[in-house]
Amino acid sequence: MRRLQWTAVTMAAALSVVWRIAPSQTDTVAKGRTLYLRHCAVCHGATGKGDGPLAKIVAPPVPDLTEGVFKLRSTPSGTLPTDDDLRRVIGDGIAATAMFGVKELLSDDELNALVAFVKTLCPQFRTKGSGTPITIKPVAPSPELVALGRQVYAKFQCAVCHGTQGDGNGVLAKTLRDSKGRPVRLLSLRDARHYKNGFTPADIYRTLMTGMDGTPMPSFAGAMSEREAWALAHFVHSLITNNPPPPRSGLNVAASATNPLPSAVDEEAWDNAPVATLLLQSLWRDNKPDAVRVQALTDGDKAALRLQWDDPTCDDTGARRDAVAVQMPVTFAGVVPSLFWGDQQAPVRVVQWTAGKGVSLWQARGITDRRPLPAPDAVAEGRWQNGRWTVVLQTELPQGCQRVPFAVSVWDGNAGDDGERRSTTGWHWLTVAVPLDASHPHN
């Protein structure tokens with residue numbers, strides 16, 4: 001894979017992006033810029049043009065924020081989103097994409113600062129301003145309304161793209177392109193995890209009335225009546241077959257106290273350890289595996305994690321192999337690093353296990369700034385059985401913390417994963433059951 005470029009010149013370009021803002025806003029925008037460079041620029045680019053170092057890998061494609069074309073809004077098609085819209089998208093993230101939400105990582109003031117800075121990237125916020133949100137007056141569901149919605153689905157030929165049952169396999173599905181000519185990936189409406197703009201009837205109604213600018217999904221405002229729109233929203237919602245998904249980031253995973261820590265996948269210590277299911281998101285392909293199950297134990301200084309995920313093949317030879325990695329901040333005093341292997345101000349320590357190779361340790365300050373660490377005492381074991389990997393890793397914990405952010409990455413060699421082509425969780429919180437002793441160095 002060609003080395004991804006991320007230069008000091010590109011990073012510095014962000015510092016020149018300042019519109020005419022009131023002096024009272026200067027500090028807020030500056031704070032937002034720092035947060036943007038940490039959490040957003042790796043994909044969106046330093047100046048928001050969608051040219052960050054991961055932009056050529058991630059799917060769906062990264063939008064150009066400077067153009068003023070925003071898919072997810074509460075405002076009419078062709079208008080700019082409100083601050084609340086930006087706060088919702090940035091805070092919650094976008095389902096089924098590599099954009100994880102940050103509301104569990106940032107304070108309200110920080111999230112507002114990030115919104116303020118993002119607006120400076122698009123000149124139209126200065127010249128046109130945000131649109132006015134559409135009015136949403138919820139209508140209660142009924143069998144008659146859902147039946148009408150099925151008729152509306154047929155009347156407006158939704159099946160041509162979405163398929164007769166909403167599976168995303170309509171006759172035009174594979175031919176769809178966005179406004180830049182890039183392929184559009186249609187996902188099943190039957191899975192709540194696929195709704196980028198929310199999956200409640202009110203969310204679906206909003207999407208129908210505002211459209212998704214820059215995509216083939218138009219606004220139906222003026223084309224269908226309000227009753228038809230609510231009927232269609234309730235019908236589409238009725239197609240969902242699974243329960244609401246858990247958050248993609250911000251979950252608490254308890255690490256129970258034990259000593260010594262287990263080093264094997266089948267030790268009795270795991271029998272009573274709670275299991276947390278963390279959603280995975282592929283950065284570049286179909287989303288399989290879609291979750292990793294995590295158990296955690298701690299002796300107060302290190303953590304042992306047992307990780308399990310589904311994989312139909314065991315890829316422990318060749319250039320592309322199955323693997324798993326856990327990252328945590330090197331030190332933690334409240335600043336959560338970039339999810340994509342940390343950043344210059346907040347590095348991460350990574351322990352990785354690769355099938356057929358074993359364990360390795362490294363420290364990273366971003367996707368192109370990594371250095372290996374000595375690992376003479378590293379502990380890891382992996383076992384593939386009946387279409388599932390089970391891997392145990394031990395990792396040092398930041399000193400003096402009882403609540404530490406961590407994230408898990410998984411590679412499926414048979415699916416072509418390699419390097420940044422991988423699946424990842426968002427940041428979650430590891431809570432340890434015993435105080436960490438800050439008075440002595442780690443081994």
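Computed from the coordinates by the stated procedures, all read-outs in this text should not be read as laboratory data. What you see is a predicted model, and the numbers here were worked out from it, not measured in a lab. We place every Cβ from the backbone using ideal geometry, glycine too, and count neighbours over all the protein chains shown.
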(request) Pick out, from 234, 326, 352, the residue whose Cα sits farthest towards the positive end of the charge dipole of the chain, with +1 on the Cβ of Lys and Arg and -1 on the Cβ of Asp and Glu. (result) 234
(message) Can you tell me the orientation of helix 83-92 relative to the chain, as the angle in degrees between its alpha-carbon axis and the longest Cα principal axis, to the nearest 10?
(response) 40 degrees
(message) Once each part is reduced to its C-alpha centroid, what is the distance from region 244-295 to region 314-366 in angstrom?
(response) 16 Å
(message) Tell me which of 162, 199, 223 sits at the most positive position along the dipole axis of region 143-238, charges placed on C-beta atoms (Lys, Arg +1; Asp, Glu -1).
(response) 162
(request) Could you list, in their original order, any pairs among 31/180; 196/357; 137/288; 103/137 whose Cα atoms are separated by more than 29 Å? (result) 31/180; 196/357; 137/288
(message) Give the aspartates and glutamates reachable from residue 56 as a straight Cα distance under 20 Å; neighbours fewer than 8 places away on the same chain don't count.
(response) 64, 67, 178, 286, 343, 369, 412, 417, 418, 420
(request) Which order do the peptides 216-227, 100-111 take when ranked by the mean count of other beta-carbon atoms within 10 Å per residue, highest first? (result) 100-111, 216-227
(message) Cut-off under 20 Å on the C-alpha distance; same-chain residues fewer than 8 positions from residue 302 excluded. Which aspartates and glutamates are left, in chain and number order?
(response) 266, 267, 268, 271, 377, 381, 396, 437
(message) How would 228, 268 line up from fewest to most surrounding beta-carbon atoms within 10 angstrom?
(response) 268, 228
(message) What is the ratio of the Cα radius of gyration of region 252-432 to 2.2 N^0.38 Å, with N the residue count, to two decimals?
(response) 0.95
(request) Report the antiparallel proportion of the DSSP beta bridges in region 178-330 as a percent, rounded to a multiple of 5. (result) 70 percent
(request) Would you mind getting the Kirkwood hydrodynamic radius of the chain from its Cα pairs, rounded to one decimal in Å? (result) 23.4 Å
(message) I'd like the antiparallel share, as a percent to the nearest 5, of DSSP beta bridges with both residues in the chain.
(response) 85 percent
(message) Can you order the peptides 390-400, 126-136 by their average number of other Cβ atoms within 10 Å per residue, highest first?
(response) 390-400, 126-136
